Every structure is written in structure tokens, then in C-alpha cells.
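A quick write-up on the structure given underneath.
What follows draws every value from the coordinates through simple rules; no lab data is involved. Quantities reported herein were computed from a predicted structural model and do not represent experimental measurements. Glycine gets a Cβ as well: all are built from the backbone with ideal geometry, and neighbour counts include every protein chain shown.
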Amino acid sequence: MRRLIFICLTVSLLLSALSCSLNDDGPNFHFKPLQITSAVLPDSFDLNETYQITVNYTLPDGCTGFSGFDVTAADTTIRNVVAFGIVRTDQEACITLATEAQASFNFICLYDEPYTFRFWQGEGVDGEQEYFEVLVPVY
């Protein structure tokens, strides 16, 4: 009886595995940088304190949602901030109306020098990346 149950389970698992499609059409999404329109930062930082930085960005259409931030150090106290969206490619009809949205990230002040935040705004006509900058002193 145990042998029969084992054979039935093995056959069921084998059939289940074979019935799955091995044909993958690829991902149904991709990531895209979002234009940052403004940011709210404190007037100054205190060393070793954590601050919430609020960013306003544009979602270009209804198929794009917010994914997160990429905050990279371009130098000791220079931070490039890019908001990223996730774009669904499996939807045929997207609302084409751009909408403003807001998200925040935490920042820890580790250096006693002023910080420069460079917020990504898009690409210029010459293909150059465009940023607006905010300088925050540290006391």
C-alpha cells in the first residue's frame, strides 16, 4: 500500500512539473528614473543625527509606480538622489496623465562638512543629466 501511494505521489509530482510552462516571455516590468520636482530638507544638520528628506516627483503615467530611491555618494559630502519608478509593460491601456507624488528617505549626517544634495530632474537635449542642488550646512 505504501508503495502504491509513493508511486502515485511521484507520478503526480512529475505531471505537475511537466505541466508548467517553460516558455518565459521575460519580465513584465522595467525600472525608470522619475523626475524630481522639489525636495524638503532641514535648514542645517547636526552631526550623527538622522533626518527625513521628503521628495516630490512626477509619475509620467498610470503604468508607472514608485519603486524607491537611489542615493549615491559622488564625493564625501555630495549625494546624488534619483527616484525610481517601476513601469508595467503588460498593460495595454495606461492613463497618460502625469501625476505628482511624494516619498521620503532617511539620511544620517556622518561628516562635519556641508552636504550638497543633487536631485535628478532628467536629461537635457544634449543627453546630459540635469540636477538641482541643495546645500545643507552642518553644525
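The alpha-carbon atoms of the stretch 83-139, seen along their principal axes, cover 52, 30, 17 angstrom, with the largest extent given first. Placing a label point 7 Å from the Cα of T54 along the Cα-to-Cβ direction, the residues of the stretch 102-139 whose backbone N falls under 11 Å of that point are 102-104.
Pick out, in residue order, every one of the chymotrypsin sites (Phe, Trp or Tyr not before Pro) in the stretch 33-134 that is DSSP loop and has at most 12 other C-beta atoms within 10 Å; say none if there are none.
On the way: sites: F45, Y51, Y57, F66, F69, F84, F105, F107, Y111, Y115, F117, F119, W120, Y131, F132; in loops: Y111.
Here the chymotrypsin sites (Phe, Trp or Tyr not before Pro) that fit, given the DSSP loop and packing criteria, are Y111.
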